[in-house]
Amino acid sequence: MGGVCMAKLLIADRDHNERTGIGWLVNSYGIPFDHVLMAGTMLDVFQIIELEMPDVICIELDMIPREAWDDFKERIRQYKQILIVTTAEATFERAMQGIELHAYDLWIKPHSPDSIRRVLARCCKAVSHTQQGPEINGEDGSLPALSYYSIFLPHRSAADECWLLLLQLEETEQQPKLLKFLQDYPFYNEPVLLPLSDMIVSIFNRETQHSLLSLKKMGNRLLRDWEEKFTEPLSLVIYDTNDKSLSLRQKYQYARQALDIRFFKGYRQVSVIENKVEWQIIDPFLTPTEQRTWIDMLGDADKEQLKQWMYKEFLNKEEPYPEPGLLRTRLTSILAQVRRFMKSHCLDEDRLEEHYHQVFETILYNPILYRIVQEFLLFLYEVLDTANNHQEYSRTDIIEQALRYIEKNYNNPYLRLEDVAAYVDRSPAYFSSFLTKKHGQSFRQLVTAVRIKEAQRLLQDTKLSIQNVAEKTGFINANYFSKIFKEKTGITPRIFRNRKKI
């Protein structure tokens with residue numbers, strides 16, 4: 001046949017526009033399929049497979065109902081077609097479905113015309129080779145290199161002689177934008193792009209020797225070009241090793257693990273990895289000494305000391321980095337100390353309680369350690385400020401309670417400091433000191449002022465005798481009352497009453 005493809009292509013998709021669009025690309029690019037067939041339902045797919053026996057099938061995964069899955073898989077195995085699966089969901093589950101069907105490739109919608117052209121051209125060439133002898137799919141389900149199989153299945157292949165570039169956006173819903181950027185990017189060696197639910201895996205053939213320096217330059221250039229066009233934060237990991245014992249799947253697993261370095265370095269970084277990342281193992285829980293330190297720092301409300309402790313403990317880390325999961329656990333251990341402080345100060349309700357749960361979520365899921373620490377510190381400051389306000393309010397409330405008690409019992413000549421202190425549940429020494437500090441008066445001075453004020457009202461508004469006024473305002477006798485009244489007002493009770501009558 002001289003390498004000319006005499007093959008049939010079946011395009012199966014529920015969307016008529018998708019089917020006709022791929023068919024148009026096949027014709028426009030001149031990919032030499034002998035026949036291009038279309039199917040919009042699974043019934044059509046089964047009929048065409050049996051009657052036409054297409055060599056290559058491009059099918060939308062989502063159109064295969066669950067009850068037809070095993071039947072379709074068996075027909076693919078029986079007729080040994082080259083299978084390409086398409087989906088709008090760039091998820092691990094969809095990739096695993098493609099693997100289960102032994103798919104040659106997985107296309108993520110919206111389709112890239114250049115990717116369609118390259119893959120179908122390779123399929124057509126493979127069919128031509130099969131017609132001349134070897135098959136693309138053997139009985140063991142072996143597949144061409146550089147596909148989802150290479151990174152998900154533990155088999156060895158020529159794909160092992162590759163290096164990987166993993167790209168991860170902070171906002172994964174923007175991934176189609178990144179995929180389009182990579183498809184159009186002028187790589188020196190064009191990679192195979194494998195989109196996943198949370199990243200894009202780029203696999204490069206090692207056609208030329210790359211030094212770590214040149215790989216990092218390439219990564220930095222790609223990152224710079226991305227940031228010139230887009231604002232979404234991007235993290236890159238380049239994995240290259242001379243260890244020939246590693247399969248591509250192992251390299252992918254090590255590279256994926258290395259993405260967690262962004263936990264310490266943030267996005268907008270390029271990490272070049274030669275070996276498996278070895279995390280430092282730490283004790284994630286506070287020691288008894290550290291617990292006492294936190295109790296003291298919270299009790300002292302020392303914001304600067306808390307900040308310095310958090311910075312020293314969690315920021316400016318160097319390799320080998322602590323295992324991120326253990327650091328998250330350590331942060332939750334500290335948060336537990338803050339929680340106990342909140343409960344002891346009755347702060348575990350309303351807005352502060354909601355903020356506590358937000359910080360807990362941040363510790364568990366935020367991808368950047370620096371952001372977690374900053375959110376934690378802002379929460380700590382809010383807790384301390386609220387505790388201080390509560391304390392001030394509580395102290396003010398003590399004075400108000402004491403004043404109401406005095407105003408209710410001032411007519412008792414035997415009213416004592418100890419009685420009022422017991423009423424507000426404070427020691428006499430503490431209450432006396434706090435009262436003097438807040439009111440500028442001693443307990444005895446305050447009680448006397450309340451009594452004199454009431455005596456003035458009675459002298460002015462009633463015809464009670466001086467003796468009766470003294471009794472009703474808590475003075476032991478009229479003589480003592482007259483003496484104290486004159487000391488405080490400058491005149492006797494009788495002169496005060498007569499002056500008011502004038």
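Here the gap between Leu213 and Lys486, fully extended at 0.36 nm per residue and compared with their Cα-Cα distance, gives a gain of 88.8 nm. Of the residues Lys217, Lys437, ranked by 1.4 Å probe accessible area with the largest first, the sequence reads Lys437, Lys217. A Förster distance of 35 Å, applied to the separation of the beta-carbon atoms of Asp300 and Glu361, puts the FRET efficiency at 0.80. Label-to-label distance for Leu315 and Thr231 is 2.4 nm, based on points extended 7 Å past Cα in the beta-carbon direction. Which of Gln47, Ile99, Ala88 sits farthest toward the positive end of the charge dipole of the chain, with +1 on the Cβ of Lys and Arg and -1 on the Cβ of Asp and Glu? Going by the charge dipole, the pick is Ala88. Heavy-atom accessible surface of Ser245, to the nearest 10 Å², is about 80 Å², with a 1.4 Å probe and all protein chains retained. Extent along the principal axes, Cα only, for region 288-391: 44, 26, 22 Å, with the longest axis given first.
Taking the C-alpha atoms only, the angle from helix 248-258 to the longest principal axis of the chain is near 20 degrees. Ordered by 1.4 Å accessible area with all protein chains kept, Ile398, Ile495, Ile281 run largest first as Ile281, Ile495, Ile398. With respect to the chain, whose longest principal axis is taken over its alpha-carbon atoms, helix 42-52 is tilted by about 20°. Once R0 is set to 22 Å, what does the formula 1/(1 + (r/R0)^6) return for the Cβ-Cβ distance between Asp198 and Leu326, expressed as a FRET efficiency to the nearest 0.05? The calculated FRET efficiency here is 0.50.
Note on Asp70: accessible area approximately 110 square angstrom, rounded to 10, probe 1.4 Å, nucleic acids and ligands left out. Fully extending the segment from Glu382 to Asp184, taken as 0.36 nm per residue of separation minus the present Cα-Cα distance, adds 66.5 nm.
When you filter the trypsin sites (Lys or Arg not before Pro) in region 273-372 for DSSP loop state and at most 15 other Cβ atoms inside 10 Å of their Cβ, you are left with Lys317.
Within region 224-258, the trypsin sites (Lys or Arg not before Pro) that combine a DSSP coil assignment with at most 10 other C-beta atoms in a 10 angstrom radius are Lys244.
Between Leu364, Thr332, Pro322, whose Cα lies farthest towards the positive end of the dipole of region 288-391 when Lys and Arg beta carbons carry +1 and Asp and Glu beta carbons carry -1, centred on the Cα centre? With unit charges placed on the Cβ atoms, the residue in question is Pro322. Computed from the alpha carbon atoms alone, the convex hull of the chain holds 261 Å³ per residue.
Compute the distance from the alpha-carbon center of region 336-407 to that of region 260-291, in whole Å. Here the two parts' Cα centres lie 29 Å apart. When only DSSP loop residues count, what GluC sites (Glu not before Pro) in region 293-370 have their Cβ near at most 12 other Cβ atoms within 10 Å? Here the sparse-neighbourhood loop sites are Glu318, Glu349. Helix 443-461 and the longest principal axis of the Cα set of the chain meet at an angle near 60°.
The heavy atoms of His16 present about 110 square angstrom of accessible area, all protein chains included, probe 1.4 Å. Accessible surface ranking for Phe181, Phe360, 1.4 angstrom probe, highest first: Phe360, Phe181.
The values are calculated or read from the model by the stated rules, or taken from the named source; none is laboratory data. Please read all numbers here as calculations on a predicted model, not as lab measurements. Please note: Cβ atoms are built from the backbone with ideal geometry, for glycine as well, and neighbour counts cover all protein chains shown. Calculation scope for accessible area: heavy atoms of the full protein, side chains included, ligands and nucleic acids excluded. Shrake-Rupley method; radii C 1.70, N 1.55, O 1.52, S 1.80 Å.
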